[in-house]
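Asks: My questions will all concern the structure given below.
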Amino acid sequence: MTPRRWFRRMLPASQVALGLLFGGWGLWQRNEILSHDYLFGTGWNSTARFHVWPWPFKFAVIENLPAFLAGVLLSWPISAAKPDLPESAQLAPTLIFVVVLWYWVGLRLDRQWDVGEKAPWVFLAVFTGVCFAGAFLPLGYTGYLPYAALVWLVTAFAFRRLFKLLPRS
């Protein structure tokens with residue numbers, strides 16, 4: 001295995017692990033909040049389910065927004081056919097798109113850099129930090145979605161410009 005192919009293997013595996021960890025943790029927290037008795041047993045049957053989005057879930061969505069949107073489109077028929085299916089099971093197909101998204105990102109990074117160079121790791125760390133910070137910003141109930149779109153657009157334009165400026169190694 002040559003070092004030129006490591007990004008396309010490491011990124012999908014690590015991002016699926018992060019998505020499972022934080023997305024699952026966030027959905028578990030959401031389920032706990034909405035299933036508590038302090039809501040008089042009305043949590044899932046009230047408008048509260050549209051307002052409860054724990055930060056781990058927000059982080060997973062922000063970091064994987066394109067995959068999340070594709071997964072939601074795939075989850076719609078699943079949730080229509082089986083409305084009593086748990087939310088985590090409905091969103092599980094999103095992980096397939098996380099693998100595809102980060103394989104593509106890794107492929108792009110493999111074309112430009114070796115895995116031993118610092119620049120791609122710095123960019124990935126900054127991207128993850130910006131996504132993590134966005135999970136804590138008080139942007140309203142669903143404000144993390146436009147924030148995620150902005151982060152992904154800015155990142156895409158920055159990488160595109162950077163790829164044009166740097167010579168291929």
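Asks: Please state which of the following conditions VAL126 fails to meet, knowing it meets all the rest: (1) at pLDDT 85 or above; (2) in contact with a Pro (Cβ under 8 Å, 6 or more places away or on another chain).
Replies: (2)
Asks: Within the range 114-133, does at least one residue satisfy the condition of being out of contact with any helix residue (DSSP H, G or I) (no Cβ under 9 Å at 6 or more places or on another chain), exposed (fewer than 13 other Cβ atoms within 10 Å of the Cβ), under 16 Å from PHE7 (Cα atoms) and not aliphatic (A, V, I, L, M)?
Replies: Within the range 114-133, one or more residues are out of contact with any helix residue (DSSP H, G or I) (no Cβ under 9 Å at 6 or more places or on another chain), exposed (fewer than 13 other Cβ atoms within 10 Å of the Cβ), under 16 Å from PHE7 (Cα atoms) and not aliphatic (A, V, I, L, M).
Asks: So which helices (runs of 4 or more DSSP H) stay within the range 1-79 end to end and still have 2 or more residues that are at pLDDT 85 or above and basic (Lys, Arg)?
Replies: Working: elements: 7-18, 24-34, 55-63.
Once the helices (runs of 4 or more DSSP H) in the range 1-79 are filtered for at least 2 residues that are at pLDDT 85 or above and basic (Lys, Arg), what remains is 7-18.
Asks: Just checking, does the range 130-137 include any residue being farther than 18 Å from LEU18 by Cα, under 19 Å from the mean Cα position of the chain (by Cα), at pLDDT below 95 and of a type outside the set (D, E, K, R)? Please lay out each step first, then the result.
Replies: Residues of the range 130-137 that are farther than 18 Å from LEU18 by Cα, as a first pass: 137.
Then keep just the ones that are under 19 Å from the mean Cα position of the chain (by Cα); that gives 137.
Imposing the further condition that a residue be at pLDDT below 95 reduces the set to 137.
If we keep only those that are of a type outside the set (D, E, K, R) as well, we get 137.
Looking through the range 130-137, at least one residue is farther than 18 Å from LEU18 by Cα, under 19 Å from the mean Cα position of the chain (by Cα), at pLDDT below 95 and of a type outside the set (D, E, K, R).
Asks: Being loosely packed, with under 13 Cβ neighbours inside 10 Å and of a type in the set (Gly, Ala, Ser) is true for just one of ALA92, ALA80. Which residue is that?
Replies: ALA80
Asks: With respect to LEU95, determine if the residue is over 23 Å from ALA125 (Cβ atoms), assigned to a helix (DSSP H, G or I) and either at pLDDT 90 or above or out of contact with any Leu (no Cβ under 6 Å at 6 or more places or on another chain) (or both). If you could, list the steps in order and put the result at the bottom.
Replies: Values: over 23 Å from ALA125 (Cβ atoms): no; assigned to a helix (DSSP H, G or I): yes; either at pLDDT 90 or above or out of contact with any Leu (no Cβ under 6 Å at 6 or more places or on another chain) (or both): yes.
Spelling it out, it is not the case that LEU95 is over 23 Å from ALA125 (Cβ atoms), assigned to a helix (DSSP H, G or I) and either at pLDDT 90 or above or out of contact with any Leu (no Cβ under 6 Å at 6 or more places or on another chain) (or both).
Asks: Can you work out which of the residues in the range 144-158 that are within 14 Å of ALA60 (Cβ to Cβ) and aliphatic (A, V, I, L, M) is modelled with the lowest pLDDT?
Replies: LEU145
The values are calculated or read from the model by the stated rules, or taken from the named source; none is laboratory data. Remember, predicted model here, so these are calculated numbers, not experimental data. Cβ: placed from backbone, ideal geometry, glycine included. Neighbour counts: every protein chain shown.
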